[in-house]
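Engineer: Please find one structure pasted underneath; my questions will follow.
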Amino acid sequence: MGRHFLTEEDGVSAQNSFDAVCKSIASELAELVIAKQKDYGKQNILEFGEHGILVRSNDKFARLKNLILNSKDPQNEPIDDTLKDIAGYAIVWLMLRNGSFEYSLEEK
């Protein structure tokens, strides 16, 4: 159930380096954060700032804790999607802290 970041179908094998896979996952996360920013806009984060990100991240960690500690199968979204959300919140939080969150999206 659900799609992992990268699988052997994506060309990931023992011959790839840690560096290459790490960069590929980071690139996928960047695309996800950008796509979500286009859907949500800036205000959902700016309205509550760091406190809002902390609460949203905590919700994701609570879900993981419940699933993993109770050996449950996810009924809604795969665990990898939850991990991606947490990583995305971390990226947004860093951008908020360094003042770059309000930059404009690139036109494509």
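Engineer: Relative to the present Cα-Cα distance, how much length would full extension add between I34 and S71 at 0.36 nm per residue of separation?
Structural biologist: Gain on stretching I34 to S71: 10.1 nm.
Engineer: List, in order, the whole-Hz ³J(HN,Hα) value for each residue of the range 30-46 obtained from phi through the Karplus relation with A = 6.51, B = -1.76, C = 1.60 and θ = phi - 60°; use x for Gly and Pro.
Structural biologist: Per-residue couplings from phi come out as 4, 4, 5, 4, 5, 4, 5, 5, 5, 6, 8, x, 8, 5, 4, 8, 5 Hz.
Engineer: If the only charges are +1 at each Lys and Arg Cβ and -1 at each Asp and Glu Cβ, what is the size of the charge dipole of the chain around the Cα centre, to the nearest 20 debye?
Structural biologist: On the way: 13 positive and 18 negative charges, 76 e Å.
In total the dipole reaches around 360 debye.
Engineer: Please return the longest range in the chain lying between exposed loop sites, taking chymotrypsin sites (Phe, Trp or Tyr not before Pro), DSSP loop only, at most 13 other beta-carbon atoms within 10 Å, and leaving the sites out.
Structural biologist: In the chain, the maximal stretch lacking such sites is 49-102.
Engineer: Shifting gears a bit: Counting each DSSP H run of 4 or more residues in the chain as -39500 (n - 2.57), what helix-only mean residue ellipticity at 222 nm follows after dividing by all residues, to the nearest 500 deg cm²/dmol?
Structural biologist: Values: 4 runs with 68 residues, N = 108.
The helix-only estimate for the chain comes to -21000 deg cm²/dmol at 222 nm.
Engineer: Over the range 16-98, consider all pairs of different Cα atoms and compute the Kirkwood hydrodynamic radius from their mean reciprocal separation; express it in Å, one decimal.
Structural biologist: Working: mean 1/r = 0.0712 Å⁻¹.
It works out to 14.0 Å.
Engineer: Please give the net charge around Y89, taking every other residue with its beta carbon less than 9 angstrom from that of Y89, where Lys and Arg add +1 and Asp and Glu add -1. Intermediate values should be presented prior to the final figure.
Structural biologist: Details: positive: R56, K60; negative: D85.
Charge balance in the 9 Å sphere: +1.
Engineer: Connecting C-alpha atoms closer than 10 Å in a GNM of the chain, tell me which of D80, D59, D19 has the biggest fluctuation.
Structural biologist: D19
No value in this document is a laboratory result; all are computed from the given coordinates. Here the structure is a predicted model, which means the values were calculated and not measured. Neighbour counts run over all protein chains shown; Cβ positions are idealised from the backbone, glycine included.
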